[in-house]
1. Quickly run through the range 131-151 and pick out the residues that are under 15 Å from Thr119 (Cβ atoms) and either open to solvent by 60 Å² or more (accessible area, probe 1.4 Å) or of a type in the set (A, V, I, L, M) (or both).
2. Yes or no: Met166 under 19 Å from Glu86 (Cβ atoms), open to solvent by 50 Å² or more (accessible area, probe 1.4 Å), modelled with pLDDT under 95 and not aromatic (Phe, Trp, Tyr)?
3. If you take the residues of the range 95-121 that are at positive phi and not in a strand (DSSP E or B), which of them is nearest to the chain's Cα centre (by Cα)?
4. Scanning the range 122-158 for residues that are within 20 Å of the chain's Cα centre (by Cα) and aliphatic (A, V, I, L, M), which turns out nearest to Leu104 (Cα to Cα)?
5. Can you run down the residue pairs with Cβ atoms below 6 Å, 6 or more apart or on separate chains, where the first is in the range 125-140 and without any contact (Cβ under 8 Å) to a residue 60 or more places away in the chain and assigned to a strand (DSSP E or B) and the partner is surrounded by 14 or more Cβ atoms within 10 Å (Cβ to Cβ) and hydroxyl-bearing (Ser, Thr, Tyr)?
6. Residue check, Ser101 against (1) open to solvent by 50 Å² or more (accessible area, probe 1.4 Å); (2) touching a Pro at 6+ places or on another chain (Cβ under 8 Å); (3) among the polar types (S, T, N, Q), all met but one. Which one?
7. For the range 152-162, enumerate the residues that are free of Cβ contacts under 8 Å to residues at least 12 places away in the same chain and either touching a strand residue (DSSP E or B) at 6+ places or on another chain (Cβ under 9 Å) or open to solvent by less than 30 Å² (accessible area, probe 1.4 Å) (or both).
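The values are calculated or read from the model by the stated rules, or taken from the named source; none is laboratory data. Bear in mind that the values here come from a model prediction, so they are computed numbers and not experimental data. Virtual Cβ from ideal backbone geometry, glycine too; neighbours counted across all protein chains shown. Accessible surface areas use protein heavy atoms only, side chains included; no ligands, DNA or RNA. Shrake-Rupley method; radii C 1.70, N 1.55, O 1.52, S 1.80 Å.
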Amino acid sequence: KGRQAALRLTSLTLAGDKGSRIALSEGGHIDLALPDRRWALNGSMTSGGGGLPDAALRLRPAVGGGFAGQLFVAPYAQGTARLELEPVRILPGPGGMTRISTALRLDGPLPNGRLRGLTVPLAATWGPRGLILNPGCVPLHFSSIAAGSLQLGSAALRVCPLDGGMMVMRGNVM
């Protein structure tokens with residue numbers, strides 16, 4: 001009790017047997033504080049290969065808590081499904097929170113059909129209170145949805161969350 005430990009990783013490469021890799025870029029470091037499980041990335045990480053999307057993350061701890069940075073993810077396709085993210089913006093918020101924003105575009109198969117051109121903005125806060133995704137109403141658009149006998153053309157609507165967000169995770173509970 002009362003023991004503290006700190007660990008700084010200045011080199012890290014994770015490689016999978018099918019060619020996947022996640023690596024800490026030169027000059028970056030990850031700080032881990034134990035036993036409170038706090039961490040901070042200061043620098044860049046990349047991923048790709050073996051089924052992982054090609055991605056680059058740049059983060060730095062912000063004064064007062066939270067993080068600032070960007071995440072770039074190349075369009076990711078698997079079979080007939082495709083996922084695209086606009087550049088992800090990561091900004092410090094009040095009280096040690098981190099604000100995350102991007103937009104998602106999705107095309108892919110549905111049971112007996114297909115989804116085309118689903119787009120939705122994503123806004124999240126992450127910090128001491130957990131992770132909250134889209135705490136308010138957001139516009140959702142799709143080009144077409146076909147599932148069995150249901151056929152819908154282009155439409156736009158507002159979707160609103162229940163219980164504080166479209167996804168709420170507090171601690172280990174979603």
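1. Correct list: Val138, Pro139, Leu140, His141, Ile145.
2. yes
3. The qualifying residue nearest to the chain's Cα centre (by Cα) is Gly96.
4. Leu122
5. Trp126/Thr98; Ile132/Thr125
6. Looking at each condition in turn, Ser101 falls short on (1).
7. Correct list: Leu152, Gly153.
Quick grid of which residues meet (1) aliphatic (A, V, I, L, M); (2) more than 24 Å from Gly164 (Cβ to Cβ):
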{"site": "Ala56", "(1), (2)": "yes, yes"}
{"site": "Tyr76", "(1), (2)": "no, yes"}
{"site": "Thr98", "(1), (2)": "no, no"}
{"site": "Leu104", "(1), (2)": "yes, no"}
{"site": "Pro139", "(1), (2)": "no, no"}
{"site": "Ser143", "(1), (2)": "no, yes"}
